[in-house]
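I have placed the structure first, in the form of structure tokens, so that the comments after it can refer back to it.
Any read-out appearing in this document is the output of simple, stated calculations on the displayed coordinates, not a laboratory observation. Here the structure is a predicted model, which is why all the values come from computation and not from measurement. Positions of Cβ are backbone-derived with ideal geometry, glycine not excepted, and every protein chain shown enters the neighbour counts.
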Amino acid sequence: MDQHTAANSVIYLEDIFRVYDMGFERVYALRGVTVGVARNEYVAIMGPSGSGKSTLMNLIGCLDTPSSGNYFFNGTNVAGLDDNELAEIRNKEIGFVFQTFNLLPRSDALHNVELPLIYAGVKKEERLERAYAALESVGLSDRATHKPNELSGGQRQRVAIARALVTRPSILLADEPTGNLDSKTGEDIMRFFEELHDKGNTIILVTHEEEIAHHAHRIVRIRDGVVERDEKTR
Amino acid sequence: MRLLTDTREGLSIALTAVKANPLRSGLTMLGIIIGIFTVTLMGAFLNGMDHLFRQTASNMKTDVYYVDKWDWGGGDWRLMRNRPDVQEAYLTQLRSKMTTASAFSMSVAKWGQEVKFKNRSVEFVTASGVDEGYLTTESMEIQYGRFFTASELSSARPVCVIGYEIASKLFPNTTPLGEIVRIGGYPLEVIGVAKRVGGLFAVFTVDNNVIMPYYTLQTAFGQKHQTVTIGVKAKSVEHKLDTKDELEFFMRQIRRLKPNEPLNFGINNQDQFNKQIDGITGLLATVGFLITGLSLLVGGIGIMNIMYVSVKERTREIGIRKAIGATRRSLVFQFLYEATILSLLAGAIALLLAYPVTVLANNLILADSDLHIDFPIFYAALGLGLSVATGVIFGIAPALKASRLDPIDALRYE
């Protein structure tokens, strides 16, 4: 994968360390990770628990900052940004899809999808229009006024995907997106990711399941805080 | 733009949260409701008192000094009891010596009398025996009929002028003139009705008085232990203190007091009442603001507590919001709005409760009184302002806590 550079990648992590200071002990969650993802790639990040996979995902998602190293997002180094600047990147450039869906329980589907646009300061009419279009793109335009507890697991995850897509982010970051779904619904969601990739989206999938990882076109394996293997699968 | 959308989202979240926990929200609001309710009612009362006070003060004869056995402003009752009586004879002496006085009067009051006409009666009235100068020193005006004459005074005729309150109670539908009333069993013919004075101390004014010739009162009630009150009206309101000094000088002379001896009589002025009214309203305001402050403090702490609970309960929601791009500022706003809406709602409820109370108080309790209270717009606005301030002040710490949560920990929170 030596063709990845900070210049030609959507995200490019360069010699990233993440150290947790636990008082008397320093825990190295990541020890020198260098990895890049180009536009319209479909990458799975794999690793057993404790491998540093979650730490890497949090860093990619700008929820956390590295102890050392550089992280270029569309060519800009985000390693040293402050809270508000990171919030803006999360808002505009990253679409999160979580294992537990993480929808707001008291808000209906439309409002959940609308939420990132509220924080982006988009005007109401445009916001509703775009949120509705996003719901339509995941096939749930008829569920706009349903609350999460009135939706099935698969439908909830689709709402979450619509919320992730509504700001037209640079990357879609999915953390075990099928972990809370039965295998058939999981397959549906994975097929949907494939469609999204075909439409030009960049997808980063974090999983510990070999089977799920093989839906991606490239697998980056993490172990003990370093990249163990980085291979194209198709 | 960002601020506007933040505001809208903050408001809608806040309303959802309040609606989701109506009981909890209601209990939280209780302290603030009591606080704002108190400040509003107290404001209404203070306004009413102030109005009444001004009306009363305008009735007061601040340019008249009263020589009396007692000091009206208070003092050691046991010492004053042993003072010599103020004699009727002093009046003649003062009248001949004083140069700065425009009028003199003499009066004796018998408190707590009952006055009767046929089967009607009024209790706790004052029977006053006065001379003809009383009309001038008291600036008394006659509504119907006339005052008694000098010959009626000297011959102790059984006639009287009654106050407005007594007239309206004893003679609701007929004219009192020419009728015979009995005070302490003694019959008097009503020859006049005094004009209404009103105000805070109406019960101590002519309104609640049966005024008769000085010598008539002596006949009716006897002369034992008779101490009189001598009224001296200053020639000029501006130089009334000169009149007071002159009065004191001649009274010392009459009493043969050495310059270093303390007075054994009182020189009183109705100004003394004004100071007492100020004291009363001041005390009321202090107590009211104390209750308000305490309730707002308790209410504010309640809001702070419930907001901490709310932040804790919604840790995961905060994590989600942060993950999809909520800034610290947005979250501070969101939780501040929630706290402020709670407290503002409490303020509004308090005003909704206070309004009918002012109306009812006016129409039922205060219907017969000179005290009149209105819904106090100023204090209502102050109350709403205070409730908003309480929400902001006590909401800021929980809101900051929410905004500083680590998104990773918050997302993982169960």
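Treat each spin label as a single point 7 Å out from the Cα along the C-beta direction, and report the B:ILE291 to A:GLU125 distance in nm.
5.4
Per residue of A:148-158, what is the mean number of Cβ atoms on other protein chains within 10 angstrom of that residue's Cβ?
Across A:148-158, the average partner-chain Cβ count within 10 Å equals 0.
Of B:LYS110/B:LYS195; B:LYS61/B:LYS244; A:LYS124/B:LYS322; A:LYS124/B:LYS401; A:LYS92/B:LYS322, which ones are farther than 19 Å apart at the Cα?
Flagged as over cut-off: B:LYS110/B:LYS195; A:LYS124/B:LYS322; A:LYS124/B:LYS401.
Please find the FRET efficiency linking B:HIS372 to B:TRP72, where r is the Cβ-Cβ separation and R0 is fixed at 45 Å, and quote it to the nearest 0.05.
Result of the calculation: an efficiency of 0.95.
How far apart, in nanometres, would the label points at B:ILE142 and B:SER96 be if each is projected 7 angstrom from Cα along the Cα-to-Cβ direction?
3.0
Expressed as an acute angle from 0 to 90° and rounded to the nearest 10, what is the orientation of the C-alpha long axis of helix B:22-59 relative to the principal long axis of chain B?
30
Count the DSSP beta bridges whose two residues both fall in the protein assembly as shown, then state the antiparallel fraction as a percent rounded to the nearest 5.
70
With everything on Cα atoms, drop me the angle between helix A:109-120 and the longest principal axis of chain A, reported from 0 to 90° to the nearest 10.
The helix A:109-120 is inclined about 50 degrees to chain A.
Report, in degrees rounded to the nearest 10, the 0 to 90 angle that the Cα long axis of helix B:240-255 makes with the longest principal axis of chain B.
50
Once both labels are modelled 7 Å past Cα along the beta-carbon direction, what's the B:ALA109-B:SER151 spacing in nm?
So the label points at B:ALA109 and B:SER151 sit 3.2 nm apart.
Considering amide H positions built from the backbone, and no H for Pro or chain starts, which residues 5 or more places from A:ALA44, or on another chain, come under 5 Å of its amide H?
A:LEU205, A:HIS217, A:ARG218, A:ILE219, A:VAL220
Report, in debye and to the nearest 20, how large the dipole of the stretch B:238-329 comes out about its Cα centre when Lys and Arg carry +1 and Asp and Glu carry -1 on their Cβ.
Roughly 1000 debye, rounded to the nearest 20.
Sort B:183-194, B:146-157, B:8-19, B:121-132 for me by packing, meaning the mean count of neighbouring Cβ atoms within 10 Å per residue, highest on top.
Top of the packing list down: B:121-132, B:183-194, B:8-19, B:146-157.
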